[in-house]
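J.: Submitted below is the structure of interest, expressed as structure tokens.
The values are calculated or read from the model by the stated rules, or taken from the named source; none is laboratory data. The shown structure was predicted, so the numbers you read here are calculated from the model rather than taken from an experiment. Ideal geometry is used to build each Cβ from the backbone, glycine not excepted, and the neighbour counts take in all protein chains shown. What goes into the accessible areas is simple: the full protein's heavy atoms, side chains included, and nothing from ligands, DNA or RNA. Shrake-Rupley method; radii C 1.70, N 1.55, O 1.52, S 1.80 Å.
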Amino acid sequence: MKPDTNCIFCRIAAGEIPSNKVYEDEQVVAFKDLNPQAPVHVLVVPKAHFATLAEMDAEGAELVKHALTVIPQIAASLGLASGYRLIVNQGADAGQTVMHLHIHLLGGKPLGEKIV
Ligand code: AMP
Ligand code: ZN
């Protein structure tokens with residue numbers, strides 16, 4: 001899981017490309033989505049590169065576990081006391097556009113109709 005120099009989220013994680021960070025620690029970074037779909041739309045990104053859950057190894061699984069562990073704290077810091085939604089797009093049918101695993105954190109208003 002070495003950084004991919006062509007990967008935009010690896011470059012954001014390395015600080016090579018600017019982003020509007022709302023949280024960072026050794027394992028994950030969270031920053032505002034460039035094209036927000038809700039009043040609060042943040043991407044929570046493991047710093048190590050893997051494209052999808054299918055490519056996740058044991059180390060990657062620990063990073064995702066850590067991301068899920070810190071998300072309540074990130075959500076609280078963003079004022080999402082009344083709830084939020086997490087989305088992980090996987091592959092073409094889900095419309096995944098950045099092939100570095102990321103968790104969308106959406107909130108700030110009552111969200112659209114649930115599809116699941
Ligand atoms: P996905 O469709 O799940 O792959 O989501 C990729 C997300 O990354 C989209 O919501 C984009 O708006 C967002 N995005 C792409 N490039 C950047 C960037 N440089 N900074 C912040 N968000 C980005
Ligand atoms: Zn990457």
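J.: Apply the Karplus curve 6.51 cos²θ - 1.76 cosθ + 1.60, θ = phi - 60°, to the phi angles in the range 19-30 and return the couplings in whole Hz, x for Gly and Pro.
T.: 8, 9, 6, 10, 6, 7, 9, 5, 9, 9, 10, 10
J.: Residues in the range 16-36, backbone N under 20 Å from the label point at Glu62 (7 Å along the Cα-to-beta-carbon vector): list them, ranges by number please.
T.: Under cut-off, by backbone N: 24-30.
J.: Let me ask you something else. Just to be sure I understand: with springs between alpha-carbon atoms less than 10 Å apart, which residue in Val44, Val98, Val29 has the highest mean-square fluctuation in the Gaussian network model of the chain?
T.: Largest GNM mean-square fluctuation: Val98.
J.: Oh, and also: Counting only protein heavy atoms, what percent of the accessible surface of the chain is carbon or sulfur at a 1.4 Å probe?
T.: Looking at the chain in its full context, I get 54 percent from C and S.
J.: Sticking with this one: Spelling out what I want: for every residue of the range 31-43, take phi, set θ = phi - 60°, compute 6.51 cos²θ - 1.76 cosθ + 1.60 (Karplus), and round to whole Hz; glycine and proline get x.
T.: 8, 5, 5, 5, 10, x, 9, 7, x, 10, 9, 10, 9
J.: So what is the accessible area of the range 21-116 per residue, in Å², with the probe set to 1.4 Å?
T.: 57 Å²
J.: Still on this structure, I have one more. For the range 8-107, how big is the tail of P(r) above 18 Å, as a whole percent of Cα pairs?
T.: 42 percent
J.: Tell me which residues come under 5 Å, amide H to amide H, from Val28 once H is placed; ignore anything under 5 positions away on its chain.
T.: Residues meeting the amide H criterion: Lys47.
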